[in-house]
Amino acid sequence: MRIVAAMSGGVDSAVAAARAAEAGHEVTGVHLALSRNPASYRSGARGCCTIEDSNDARRAADVIGIPFYVWDLSERFHEDVVEDFMDEYAAGRTPNPCLRCNEKIKFAAVLDRALALGFDAVATGHYAQLRTGADGLIEMHRAVDHGKDQSYVLGVLDQEQLRHSLFPLGDSTKAEVRREAAARGLLVADKPDSHDICFVADGDNAGWLREKLGDRAPNHSGDIVDETGAVVGSHEGSYAFTIGQRRGLRLGVPAADGKPRFVLDIEPVSGTVTVGPRERLAVHRLSGIKPRWCGTVPRELSGTVQLRAHGEELPARVRVGETVDIELLEPAYGIAPGQAAVMYDGSRVVGSATIATTA
């Protein structure tokens, strides 16, 4: 097959490209330019779209012996990921930009372009496994290395996208991948993993949003209140908070019981942020919108749900109608509208939905 290997500049995508080439595929390496000014994004090892990463990807392609190109997707990335990130926080929700990037960029824009150019599939360094089910559908399952499993952020992929995807690392552990990279002579073998949000240059989400939102911000100040409505502090913009947040509240009035307080609610119109004890964060039911199904749409499901990229699986019952209604059989804490609920049947990813309400 003719394969586009999406090469971020890290060890995982480099080894994935090498494995695809070694398997006999005709592989072309592609690095995604996601900013017209890469210096404004993260530098060093903290991100996945820096100038250093582009150079690392090119050197890896040279070692593997495959052609290498840079595709400029900066406008699409800004529109579909960065703007979405700002809009969601301004509305008092908590988005997942990495999941949105996978949906809109890596497995929509990139795959669409690859197919239009005559390629058969896109290979990435994500840790997940693909299998063909008894019904002939392509199933996505958790990776062997559960500590690196990335099926959560891939839960937005539909059947057509899965049919044109390759995840060569799904049956390996991270340690095995690093050893293989070293054996292949790839200089990225010991490169640290990327983390945090690539387009927030210094990791300060609140400061970045304050600068970028400007007049689009729903407010630039407001009260922080407790459950009785008593004012216990103030803030410089409700977009700087997320449900479940504990740090950085700077409350002027301590809790009467001396226990820490967490963000329970964000009201962007009035600018009011409500705080309270952790037990008030318990969530037993979710409703989801904008579902994305990896295969056949289920009517009901008794399985598990994952609510954060590195969160635990929780047993749940799912019913699909106008919305995706999820009953958690164990409570979750600090779950916010805007986050993704990814549903599993055993190790198989069924689909995902954007959380609209919690109760």
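Structure data summary
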item: Segments 306-312, 262-268, 157-163 sorted - mean Cβ within 10 Å per residue, highest first; result: 262-268, 157-163, 306-312
item: Dipole magnitude of the chain, debye to nearest 20 (Cβ charges: Lys/Arg +1, Asp/Glu -1, about Cα centre); result: 400
item: Rounded Å value of the spacing that divides the Cα centres of the range 328-358 and the range 150-195; result: 24
item: The chain: relative contact order in percent, alpha carbon pairs under 8 Å with at least 6 residues between; result: 16
item: Cross-link pairs K104/K212; K148/K212; K106/K148; K191/K290; K106/K174 - those with Cα-Cα distance over 25 Å; result: K148/K212; K191/K290
item: Share, in percent, of DSSP beta bridges within the chain that are antiparallel, nearest 5; result: 75
item: Over the range 218-276, relative contact order from alpha-carbon pairs under 8 Å, at least 6 apart, %; result: 41
item: Förster-model FRET efficiency, 30 Å R0, R184 and I51, C-beta, rounded to 0.05; result: 0.80
item: Descending principal axes extents, the chain, alpha-carbon based, whole Å; result: 67, 47, 35
item: Calculated FRET value between R280 and A309, using beta carbons and R₀ = 30 Å, to 0.05; result: 0.80
item: Ranked by how many other beta carbons lie within 10 Å on average, peptides 179-192, 233-246 from highest; result: 233-246, 179-192
item: Separation of the V63 and R250 label points, Cα + 7 Å toward Cβ, nm; result: 4.5
item: Packing-based ranking, highest mean first, of 101-111, 271-281 given that Cβ atoms within 10 Å are counted; result: 101-111, 271-281
item: Note, ³J(HN,Hα) from phi for the range 244-258, Karplus 6.51, -1.76, 1.60, rounded to Hz, x at Gly and Pro; result: x, 5, 10, 7, x, 7, 6, 7, x, 10, x, 5, 4, 8, x
item: Spin-label pair E79/D112, simplified geometry with 7 Å Cα→Cβ offset, distance in nm; result: 0.8
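Where a number appears in this text, it was derived from the coordinates with a stated rule and is not lab data. These numbers come from a predicted model, not from an experiment. For neighbour counting, all protein chains shown are included, and Cβ atoms are generated from backbone atoms with ideal geometry for every residue, glycine included.
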